[in-house]
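Here is the structure we will look at.
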């Protein structure tokens, strides 16, 4: 491939003149004949200009997690998402800055955008909006008019779980669900609970006595399954809102002499790494947590760099992983 130096030598002009002509510098004072000759020689020698790589802007991304480190360890769902975000930020060479509700517009002046994970009440959402930054929420969509969001199709996931129980002959179907609290300690109802109730009501199979709620910790799975047994309301099938709670259910079942899946079938949610090693291996719903974290970074990056004003909501599907914790009801 020809160089500017070779074109300049053949045209009998300076390298600078060739460069300015080929770059269409309108301030260059050169005769049209000279410009024409340079372009003809460049074409003759098959000159290809070098494509200048645009330097990618190094962004500073704020990370706002509404939950504590202890809560994160008790429920690995948010841990997986956070690690995926941090990995993507590191790969892109972006800086990370922790963000809390104590921050102000001034303290976040150098931050280009914010990723929020967790549970957020009205006051927190308004505070986040007051910072005037591009924001993407993960697993929440508090205001689609202002913020991007990456969410899960919980209702469809619950319908798939219930259909699988029903296909296996279960009509006594229970739920151990979770209730989170926002920054004001107000309870936030899990959409899986309402989805569970609505779908079974349509089927004529909803029994409120089979439903228990607590926090998303193994302890609550343990105590709530024992409560169902003590109250005489043990269903034949149990949907548990996350795998950590399912671990607690397994322990309670063992202590109570309840066989899984002979006496009770259990389906969890999240597909934590240890789910397939439980005895029996836990049937559960796979969430693409790493993808959610990575995609949130991409969405925020695109909004910052493009200046996009219209908010976007991305719904991520789930997948039911069938293992050995669900049995058929013999009629």
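Taking residues in the range 130-143 that are outside the structural domain of residue 64 (by TED's automatic domain parsing) and over 13 Å from residue 301 (Cβ atoms), and partners anywhere that are modelled with pLDDT under 95 and surrounded by fewer than 17 Cβ atoms within 10 Å (Cβ to Cβ), not one pair has Cβ atoms closer than 8 Å while being at least 6 places apart or on different chains.
What are the residues in the range 54-73 that are assigned to a helix (DSSP H, G or I) and buried (at least 16 other Cβ atoms within 10 Å of the Cβ), if any? Spell out the reasoning first.
Kept after step one, since they are assigned to a helix (DSSP H, G or I), are these residues of the range 54-73: 69-73.
Across the range 54-73, the qualifying residues are 71, 72.
Restricting the range 84-96 to residues that are assigned to a helix (DSSP H, G or I) and more than 15 Å from residue 287 (Cα to Cα), which is nearest to the chain's Cα centre (by Cα)? In this case the residue turns out to be 85. Scanning the range 228-239 for residues that are part of a helix (DSSP H, G or I) and free of Cβ contacts under 8 Å to residues at least 12 places away in the same chain turns up just one, 230.
In this structure, is residue 225 surrounded by 22 or more Cβ atoms within 10 Å (Cβ to Cβ), more than 29 Å from the chain's Cα centre (by Cα) and not in a loop (DSSP other than H, G, I, E, B)? So that I can check it myself, show each step before the final result.
Numbers: surrounded by 22 or more Cβ atoms within 10 Å (Cβ to Cβ): yes; more than 29 Å from the chain's Cα centre (by Cα): yes; not in a loop (DSSP other than H, G, I, E, B): yes.
Yes; evaluated as a whole, the condition is true for this residue.
Residue count for the range 291-331 under the criterion of being touching a residue at least 60 places away in the same chain (Cβ under 8 Å) and part of a strand (DSSP E or B): the result is 5. If you go through the range 240-271 and pick out every residue that is touching a strand residue (DSSP E or B) at 6+ places or on another chain (Cβ under 8 Å) and not in a helix (DSSP H, G or I), you end up with 12.
For the range 141-159, enumerate the residues that are under 21 Å from residue 268 (Cα atoms), in contact with a strand residue (DSSP E or B) (Cβ under 8 Å, 6 or more places away or on another chain) and buried (at least 17 other Cβ atoms within 10 Å of the Cβ). Steps first, please.
In the first step, residues of the range 141-159 are kept if they are under 21 Å from residue 268 (Cα atoms); the result is 151-159.
Imposing the further condition that a residue be in contact with a strand residue (DSSP E or B) (Cβ under 8 Å, 6 or more places away or on another chain) reduces the set to 151-153, 157-158.
Listed by number, the residues that qualify are 152, 157, 158.
Pairs linking a residue in the range 39-68 that is over 30 Å from residue 8 (Cα atoms) and assigned by TED's automatic domain parsing to the domain that holds residue 92 to a residue that is surrounded by 14 or more Cβ atoms within 10 Å (Cβ to Cβ) and modelled with pLDDT under 85, with Cβ atoms under 7 Å and 6 or more positions apart or on different chains, are 66/183. Has the range 151-173 got at least one residue that is farther than 24 Å from residue 243 by Cβ and assigned to a helix (DSSP H, G or I)? No, the conditions are met nowhere in the range 151-173.
If you check 290, 309 for being modelled with pLDDT under 95, surrounded by fewer than 23 Cβ atoms within 10 Å (Cβ to Cβ), within 16 Å of the chain's Cα centre (by Cα) and closer than 24 Å to residue 63 by Cβ, only one passes: 290.
The requirement of being under 53 Å from the mean Cα position of the chain (by Cα) and surrounded by 15 or more Cβ atoms within 10 Å (Cβ to Cβ) is satisfied by residue 21.
Just give me the residues in the range 161-181 being exposed (fewer than 15 other Cβ atoms within 10 Å of the Cβ) and either touching a helix residue (DSSP H, G or I) at 6+ places or on another chain (Cβ under 6 Å) or modelled with pLDDT of 95 or more (or both), in sequence order. Outline the logic, then answer.
From the range 161-181, those exposed (fewer than 15 other Cβ atoms within 10 Å of the Cβ) are 163, 167, 169, 181; that's our starting set.
Within the range 161-181, 163, 167, 169 qualify.
Just one residue in the set 129, 178 is assigned to a strand (DSSP E or B) and closer than 18 Å to residue 66 by Cβ; that residue is 178. Of note, residue 115 satisfies the criterion of being surrounded by 14 or more Cβ atoms within 10 Å (Cβ to Cβ), modelled with pLDDT of 95 or more, within 18 Å of the chain's Cα centre (by Cα) and within 24 Å of residue 216 (Cα to Cα).
So for the range 127-134 (the condition being at pLDDT below 95 and touching a strand residue (DSSP E or B) at 6+ places or on another chain (Cβ under 8 Å)), does at least one residue qualify? Within the range 127-134 (the criterion being at pLDDT below 95 and touching a strand residue (DSSP E or B) at 6+ places or on another chain (Cβ under 8 Å)), the answer is no, since none of the residues qualifies.
The values are calculated or read from the model by the stated rules, or taken from the named source; none is laboratory data. Because the structure is predicted, anything quoted here is derived from the model rather than measured. FYI the Cβ positions are ideal-geometry reconstructions off the backbone, even for glycines, and counts take in every protein chain you see.
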